[in-house]
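Here the structure comes first, spelled out in structure tokens, and everything after it is commentary.
The values are calculated or read from the model by the stated rules, or taken from the named source; none is laboratory data. Since the model is a prediction, treat every value here as computed from it, not as a measurement. All Cβ positions, even for glycine, are placed from backbone atoms using ideal geometry, and neighbour counts span all protein chains on display. Keep in mind that these areas ignore ligands, DNA and RNA; they rest on the heavy atoms of the full protein, side chains included. Shrake-Rupley method; radii C 1.70, N 1.55, O 1.52, S 1.80 Å.
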Number of protein chains: 2
Amino acid sequence: MERKTPTIQDVARFANVSTATVSRALSSPEKVSEGTRARVSEAVRVTGYTLNQAGRSLRQRSAKTILVALPDIRNPFFSSILDAIEREAATRGYGVLVLNLYFGHETIRRLQDFLLSNRADGLLLLDGSVDTYLLQTLSSQAGAIPIVVACEEIPNSGFHTVLTDNVDAAERATQHLIDLGHRRIGHLLGPEHNVVSRERFTGFARALAAAGLSPVPEWNFRGNFDMESGFSAAARFLSMTERPTAIFAANDESAIGFLSGLRQHGIICPRDISVVGFDDLGVAPHYVPPLTTMRQPREALGRMAAEALIDVVEDPEALGMPLRIVLRSELVVRESTARMARVDMEGGNRSS
Amino acid sequence: MERKTPTIQDVARFANVSTATVSRALSSPEKVSEGTRARVSEAVRVTGYTLNQAGRSLRQRSAKTILVALPDIRNPFFSSILDAIEREAATRGYGVLVLNLYFGHETIRRLQDFLLSNRADGLLLLDGSVDTYLLQTLSSQAGAIPIVVACEEIPNSGFHTVLTDNVDAAERATQHLIDLGHRRIGHLLGPEHNVVSRERFTGFARALAAAGLSPVPEWNFRGNFDMESGFSAAARFLSMTERPTAIFAANDESAIGFLSGLRQHGIICPRDISVVGFDDLGVAPHYVPPLTTMRQPREALGRMAAEALIDVVEDPEALGMPLRIVLRSELVVRESTARMARVDMEGGNRSS
DNA sequence: CGGCCGCGTGTAATCGATTGCATAACTAAT
DNA sequence: ATTAGTTATGCAATCGATTACACGCGGCCG
């Protein structure tokens, strides 16, 4: 009863072969004769043998594990990407380690440790705001740890990258508002130093410019990708006398917070204001009103990033040049955006 | 340039000591003289040494990693628990492997492999519907893999468990509706074979019974914890002539789907119906109307579960009896529930 | 018939860190 | 001065799997 977990030795003894043969029978069956193979299988069955990954890792210097580092697991946007990554990794026989990214050296050190200690074979980074220098070191050293950056771009880093067309998508989202007749259009921004956030602002500005509209700085509301920041932005919106008739929000969460804040003061979407979001969260179609939003192909993004990373892990030469995949987002029109009704000159809104 | 990652040997050579001393200097510094310790530190710094976890795992038969198995990472309820788990694990120096649980033997085998192959030292299970027999085998064998079940209870399993007071919380949620004067109360169920879902139903029924109300089977709407199922339930609700005036939904997501479905047909909450949800998702305070809901202490749950698991991993005797922690949920009253207005006898609702 | 090839298998080294045991150098006690 | 005890360190075995190399055997070719 007090037996330890069986090792390859036990299997070998039972099948009357050497451990080398057992190993071969299990990982390259074509190298052993049919009879031996059968005896080994049987022995595995009887002894209840399972591989000890630590032993294999040590010898092969690979852990069959990838490390996913992300800024916030709780964010449904990231968690659904993580989900896709896990699925892809699972089908290729890899485990997935997750790491929350906070600020400070502590985190970076942890990240480094995971990679350098052979616990993970590669890094899938879902955040562009990590110390680039350190990462470069990691990936260019002799150890050459494969890195794929997803969601956010680290400019000039030379890392493989999988992302969505943020600038273009933001431009199209804004264009949608313009097409509906809006001329007074504001933007609910993402975090100040966030790459994605900037790209979306760029797209927004570009659409305005293309339509010959001049940007109004007061209509750029500081935000933070979360509901609270959208809620606060609503307060600022309400305090203004010259208000926009439409808002492009950097993501759905802030859009929801914003709408929620407005509604408390009787400003109703889409009657009084049109709002387009970004991400197409699960709740978007069920919000009140259902949200018009840019849908990012989250599953595809996660899957492709994982694919790419594992490809490189298994064959560092696999991808020649640094890979750069850009996935197209799709505008989903629902009810939070509506055609401008009447004259545009009166900026005020009455409460219901 | 073509150097491999430095090993403990390199450090030893540089510091002019044996590998044994280096090992001790790093993991039990008190066993080494001060001078040597300094030389080793210096050597570590110069060589850029980092531990190879595979080597250590092999020798110590522990991976400093826990495995978290959950039914759906995308679900914000689970992802925020996962977040708390990761934080706790990080502070104790453990890595976190995640595993999506699907159905079928494939998944179970994977789970088993992870544990038996020494890739993880313990299992944190966020789902009660896994084959109990298999788990029992895992945890009672000589290997004795520590298991903690969180969120859901596996009755009579003898596993350590951390969960919330589902039955009681559901009873209190329902009681809240009763307190508001509702007498015709329905329930939007969770998945049929789900433990949590059943517990919440039990609490619901208990509250009804305590108030002397007789349950109406047609008012139990089949659901699935997701928005779509809530949305479909709304269709059934609308087709009924005798409708409840209040609904206790098994979770916020289904509550939102339900409300969204009703709203499309002009049934407005809380004017025409009161709804109480469960979980207090991030969107709950910003929904229209803001959702009354039972808030589960998700962070605490994740943290305590991780704590307990790591305690057991590090000292199998740490917890004597199977641990059972029950955390109390808290009713958050917002605007989706309102006092019954007039006579209760006319069940119909008019659209606006 | 001799040499070569290829297949299937075994032997033993190896991956990197930890740790039981041995040893040496001191200190303290008798 | 001898012995016992303590502290710091080294030696070498060990964890479990993989794999380079060697070997034996049978078949085939010249």
- Item | Residue list for region A:187-209, filter: in a helix (DSSP H, G or I), surrounded by fewer than 18 Cβ atoms within 10 Å (Cβ to Cβ) and either touching a residue at least 40 places away in the same chain (Cβ under 8 Å) or of a type in the set (Gly, Ala, Ser) (or both) | A:Ala209
- Note on the structure: Out of (1) within 28 Å of A:Arg119 (Cβ to Cβ); (2) within 11 Å of DNA strand D (Cβ to nearest atom); (3) not in a loop (DSSP other than H, G, I, E, B), the one A:Ala12 does not meet is (1)
- Item | Evaluation of A:Ala341 against (1) outside the structural domain of A:Ala89 (by TED's automatic domain parsing); (2) touching a residue at least 12 places away in the same chain (Cβ under 8 Å); (3) part of a loop (DSSP other than H, G, I, E, B) (one fails), failing number | (2)
- Query: Which residues, taken from region A:1-29, are within 7 Å of DNA strand C (Cβ to nearest atom) and surrounded by fewer than 18 Cβ atoms within 10 Å (Cβ to Cβ)?
  - Reply: A:Asn16, A:Ser18, A:Thr19, A:Ala20
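Take the residues in region A:73-88 that are among the acidic types (Asp, Glu) and either open to solvent by 10 Å² or more (accessible area, probe 1.4 Å) or closer than 19 Å to A:Val312 by Cβ (or both); name whichever of them is farthest from the chain's Cα centre (by Cα).
A:Glu88
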- Message: One residue is enough: does region A:313-327 have a residue meeting the conditions away from chain B (no Cβ under 14 Å) and open to solvent by less than 20 Å² (accessible area, probe 1.4 Å)?
- Response: no
- Task: Determine, yes or no, whether A:Leu70 is touching a helix residue (DSSP H, G or I) at 6+ places or on another chain (Cβ under 7 Å), modelled with pLDDT under 95, more than 9 Å from chain B (Cβ to nearest Cβ) and open to solvent by less than 10 Å² (accessible area, probe 1.4 Å).
- Result: yes
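Of the residues that sit in region A:227-252 and are closer than 21 Å to B:Glu335 by Cβ and either open to solvent by 30 Å² or more (accessible area, probe 1.4 Å) or basic (Lys, Arg) (or both), which one is farthest from the other protein chains (Cβ to nearest Cβ)?
A:Leu238
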- Query: Of the residues in region B:89-129, how many are aromatic (Phe, Trp, Tyr), within 11 Å of another protein chain (Cβ to nearest Cβ) and open to solvent by 20 Å² or more (accessible area, probe 1.4 Å)?
  - Reply: 1
- Within region A:16-42, restricting attention to residues that are of a type in the set (A, V, I, L, M, F, W, C), assigned to a helix (DSSP H, G or I) and within 23 Å of A:Gln60 (Cβ to Cβ), which residue is nearest to DNA strand D (Cβ to nearest atom)? A:Ala20
- Message: Checking the condition touching a Lys or Arg at 6+ places or on another chain (Cβ under 9 Å), open to solvent by 30 Å² or more (accessible area, probe 1.4 Å) and modelled with pLDDT of 95 or more, which residue from B:Arg45, B:Arg56, B:Arg39 passes?
- Response: B:Arg56
- Considering region A:30-51 alone, what residues qualify as being polar (S, T, N, Q), over 17 Å from B:Leu138 (Cα atoms) and either within 14 Å of another protein chain (Cβ to nearest Cβ) or within 12 Å of DNA strand C (Cβ to nearest atom) (or both)? A:Ser33, A:Thr36
- Task: Could you check B:Gln136 against (1) outside the structural domain of B:Ile73 (by TED's automatic domain parsing); (2) not in a loop (DSSP other than H, G, I, E, B) and say which number it fails?
- Result: (1)
- Residue list for region B:245-271, filter: of a type in the set (Ser, Thr, Tyr) and touching a Leu at 6+ places or on another chain (Cβ under 7 Å): B:Ser254
